[in-house]
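Peer 1: Input: one structure, supplied below.
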Amino acid sequence: MVPFHRAILKKPVYATIRYAFHACLLIVPVWYSGHIYLWEESRFAWYWTPLPDIWADWMTLAILSACVFFLVRRILFKRHLKIGIFDFILVLITGTPFLSGYLLTHGTLDGIAFFDNYLWYLHVISGEAMLVMIVFLFCRTHLSKKRCAGCAACVENCPTETLEYEDRNAFRLFKYSHYQCICCGSCVNVCPDQAAGLRHELRLRNLIQITSKVEIRKVELKTCAHCGIHFAPKPQVEKLSWSLNQDEIEIITLDLCPRCKKIRIADVGRAVADMA
């Protein structure tokens, strides 16, 4: 549940919302007076100073507002973020204990017989479901298919070698192991295209993927126009061609591997010398 400190430099608004969300997510259940009362009445007889109820109310509303924001964001950017059904379940399971707890403490639905009798059970069961869900909750690195140019800056700066890549045939394959990842945010911080991101993911199969690395991105490699070898990620070459001035020599050499590029530049240099 720790927010991602490096992301605040590139996505300050979204990162701030996540900071506030995760802080409230921890503070409200631990320091709410009703929960502390239950601990005090238990055989442990534990007690600590609770939050003022008005603070707990506002923080609960902040959590619910963030859950709505996350749901809307997932709906609007479902394809871009590669959102699956588990991503929606994650938000719903997280928000239900706080919604039911808020309605329960304020007696909002007491006039409805069903909720008057069973809302307390819904609150307890949903809270337990959230705790069980944490076992299957992982924070993973994602590379945006739309933005990632395959430069491998994330791989070069990963301190645990969680990320790695392999150039195989005509593609560069990026692989990742969530058990090696320490969620340091280095990949997010160094990515020049803002393609790398850390995201919570609810996946049952992650529990058994202990040593294996899974493919998270595949980038097509550029083919040298002269010798035919694959020498660089195609999106990276295209990005470079857009950023450079329309210089004839640059346009010619961008389609060539380093070896053929040197030969072509030498040939152009000799041609220019002969003309002079």
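Peer 1: Enter the accessible area per residue of the chain (Å², integer; probe 1.4 Å; all protein chains in place).
Peer 2: Accessible area per residue, the chain: 61 Å².
Peer 1: Continuing with this model, one more query. To make sure I understand the rule: partners must be lysines, Cα under 24 Å from the Cα of Lys239, and not fewer than 8 residues away in the same chain. Which ones qualify?
Peer 2: Correct list for Lys239: Lys10, Lys11, Lys82, Lys145, Lys146, Lys175, Lys218, Lys222, Lys261, Lys262.
Peer 1: Further, regarding this structure: Could you tell me what % of all Cα pairs in segment 136-215 have separations over 19 Å? Walk me through the numbers before you get to the answer.
Peer 2: Working: 1053 of 3160 pairs.
Tail of P(r) above 19 Å: 33 percent of Cα pairs.
Peer 1: Compare the peptides 178-190, 111-123 by average per-residue count of other Cβ atoms within 10 angstrom and give them in order, highest first.
Peer 2: Listed from highest to lowest mean packing, they are 178-190, 111-123.
Peer 1: About the Cα centre of segment 91-206, what is the dipole size in debye to 20, counting +1 per Lys and Arg Cβ and -1 per Asp and Glu Cβ, all else neutral?
Peer 2: It works out to roughly 440 debye.
Peer 1: Among Ile208, Ser100, Cys158, whose Cα lies farthest out toward the positive end of the dipole of segment 69-223, if unit charges sit on the beta carbon of Lys, Arg (+1) and Asp, Glu (-1)?
Peer 2: Of Ile208, Ser100, Cys158, it is Cys158.
Peer 1: Let me ask something else. How big is the Kirkwood radius of the chain, worked out from every pair of different alpha carbons and given in Å to one decimal?
Peer 2: Mean inverse Cα-Cα distance, inverted, gives 22.6 Å.
Peer 1: If you count, for each residue, the other Cβ atoms within 10 Å and average over each peptide, how do 98-105, 71-78 line up from highest to lowest?
Peer 2: Packing proxy ranking, top to bottom: 98-105, 71-78.
Peer 1: Let me cross-check Thr49: its accessible surface, 1.4 Å probe, with only protein heavy atoms counted, in Å² to the nearest 10?
Peer 2: 110 Å²
Peer 1: Computing the accessible area with a 1.4 Å probe over protein heavy atoms, can you report the carbon and sulfur percentage for the chain?
Peer 2: Here it works out to 63 percent.
Peer 1: Using helices alone, I'd like the mean residue ellipticity at 222 nm for the chain: each DSSP H run of four-plus residues gives -39500 (n - 2.57), total over residue count, nearest 500.
Peer 2: Calculated from helices alone, the mean residue ellipticity at 222 nm is -16500 deg cm²/dmol.
Peer 1: While we're looking at this one, here's another question. Rounded to whole Å and ordered largest first, report the semi-axes of the equivalent ellipsoid of segment 169-224 derived from its Cα gyration tensor (root of 5λ).
Peer 2: 24, 17, 9
Peer 1: Something else about it: With the calculation restricted to Cα positions, what are the radius of gyration and Dmax of segment 5-101 in angstrom?
Peer 2: 16.1, 50
Peer 1: Under 8 Å for C-alpha pairs, at least 6 residues apart: give me the relative contact order for segment 32-111, rounded to a whole percent.
Peer 2: Relative contact order comes out at 24 percent.
Peer 1: Below 8 Å, C-alpha to C-alpha, sequence gap of six or more: please give me the relative contact order for the chain in percent.
Peer 2: Averaging sequence separation for qualifying contacts and normalising by length gives 15 percent for the chain.
The values are calculated or read from the model by the stated rules, or taken from the named source; none is laboratory data. Computed from a prediction, not measured in an experiment: that's the story for all the values here. Virtual Cβ from ideal backbone geometry, glycine too; neighbours counted across all protein chains shown. Note: areas computed on protein heavy atoms with side chains; ligands, DNA, RNA excluded. Shrake-Rupley method; radii C 1.70, N 1.55, O 1.52, S 1.80 Å.
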